[in-house]
1. Of the residues VAL176, VAL163, only one is crowded, with 22+ Cβ neighbours inside 10 Å and in contact with a helix residue (DSSP H, G or I) (Cβ under 7 Å, 6 or more places away or on another chain); which?
2. Looking at GLY106 and the list (1) among the small types (Gly, Ala, Ser); (2) out of contact with any Leu (no Cβ under 8 Å at 6 or more places or on another chain); (3) touching a residue at least 40 places away in the same chain (Cβ under 8 Å), which single condition is not satisfied?
3. Can you work out which of the residues in the range 127-145 that are surrounded by 19 or more Cβ atoms within 10 Å (Cβ to Cβ) and in contact with a strand residue (DSSP E or B) (Cβ under 6 Å, 6 or more places away or on another chain) is nearest to ALA81 (Cα to Cα)?
4. So how many residues does the range 122-154 have that are over 19 Å from the mean Cα position of the chain (by Cα) and aliphatic (A, V, I, L, M)?
5. Answer yes or no: is there a residue in the range 127-143 that is of a type in the set (Lys, Arg), closer than 18 Å to ILE184 by Cβ and in a helix (DSSP H, G or I).
6. How about the range 122-152: which of its residues are more than 16 Å from ligand 1 (Cβ to nearest atom) and charged (D, E, K, R)?
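The values are calculated or read from the model by the stated rules, or taken from the named source; none is laboratory data. Since we're looking at a predicted model, the values are computed, not measured. Heads up, the Cβs are rebuilt from the backbone with ideal geometry, glycines too, and the neighbour counts pull from every protein chain shown.
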Amino acid sequence: MSPAENSSACPHCGGSGWKRADRGGLQSVSRCECVANGRATRLLEVAHIPPLYQNASFENFSTQPENPVANRILQTAVTVANSYARQYPFGTKKQGLMLIGDPGTGKTHLAVAVMKRLIARGFECVFFDYQNLLERIRSSYDQASGAAQREAYQSALDCEVLVLDDLGAHRVTDWVEDTVTSLITYRYNQNKPLITTANLRDPEAGDAPLASGGGADMASRYYLTERIGSRARSRLFEMCRTISTRGVEDYRVRKNR
Ligand SMILES: Nc1ncnc2c1ncn2[C@@H]1O[C@H](COP(=O)(O)OP(=O)(O)OP(=O)(O)O)[C@@H](O)[C@H]1O
Ligand SMILES: [Mg+2]
Ligand SMILES: [Zn+2]
């Protein structure tokens, strides 16, 4: 048995990647689907999708027909995310996606659903949790343990589609602001897309100002600009289409009722 005929090889092309067809006596050769599928499998392995979101997809993202207001918001979110995932890439403008809204409203779920579609289409996507990425960048300065962490930072800079989850979920310091600004500026200058989720407020995403004194019980208590600085924020809006889930109830709470 030749290596190409072993049991793990593709039954359609025998592992060669090329399919022969005989149409009415005409011989033709075409690329086998297993080439694209194999690439998608490899991309999925290196995408670092967190186990909790391994199954998140458009198929299992529910809208909320019993609540017309929430339902409209969710339907719009799905429509925008879905067409982004189908139509990417877009040339120069607004290559990215920013999902903004309260906790538990499906931002990360949708970001992962988009990632999976893009990966199936052959685009490289890498998921990073914002806090975790900052910690890794910080420890990359340490000579002893730094190499792997430097690699993580390099991947966040250079991967094709960066998914940065929970942007701004870190107490802001000058170092944090400088680091996130340089990451976003680098990707902005290279016209590299960013898909990001944030549990923060921004008037540009349709959020009304916080009522004075009423801040403590609001789910998103901080403004985007307070958490990442105005330069990073400004670039984000230029880079990203925005999806707001504000007005949707926390799914974690809703599910447990
Ligand atoms: N509309 C939905 N349909 C199905 N599952 C949902 C929906 N919204 C959220 N979930 C599920 O609820 C959980 C919380 O959603 P998710 O983590 O996406 O929220 P989030 O907006 O990213 O919240 P946070 O701001 O806390 O990060 C996840 O397990 C997710 O799969
Ligand atoms: Mg999230
Ligand atoms: Zn094949």
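1. Unique residue meeting the criteria: VAL163.
2. All conditions are met except number (2).
3. Step by step, filter the range 127-145, then rank; the result is PHE127.
4. 4
5. Yes, some residue in the range 127-143 is of a type in the set (Lys, Arg), closer than 18 Å to ILE184 by Cβ and in a helix (DSSP H, G or I).
6. GLU124, GLU135, ARG136, ARG138, ASP142, ARG150, GLU151, listed by residue number.
Every residue, every condition in (1) more than 27 Å from VAL126 (Cα to Cα); (2) in contact with a strand residue (DSSP E or B) (Cβ under 8 Å, 6 or more places away or on another chain); (3) away from ligand 2 (no atom under 16 Å from the Cβ), yes or no:
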{"position": "ARG23", "(1), (2), (3)": "yes, no, yes"}
{"position": "VAL29", "(1), (2), (3)": "yes, yes, yes"}
{"position": "PRO50", "(1), (2), (3)": "no, yes, no"}
{"position": "GLU59", "(1), (2), (3)": "no, no, yes"}
{"position": "TYR84", "(1), (2), (3)": "no, yes, yes"}
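This table checks each residue for (1) more than 16 Å from ligand 3 (Cβ to nearest atom); (2) more than 28 Å from LEU224 (Cα to Cα); (3) among the β-branched types (Val, Ile, Thr).
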{"position": "SER16", "(1), (2), (3)": "no, yes, no"}
{"position": "ASN37", "(1), (2), (3)": "no, yes, no"}
{"position": "GLU59", "(1), (2), (3)": "yes, yes, no"}
{"position": "ALA70", "(1), (2), (3)": "yes, no, no"}
{"position": "ILE100", "(1), (2), (3)": "yes, no, yes"}
{"position": "ALA111", "(1), (2), (3)": "yes, no, no"}
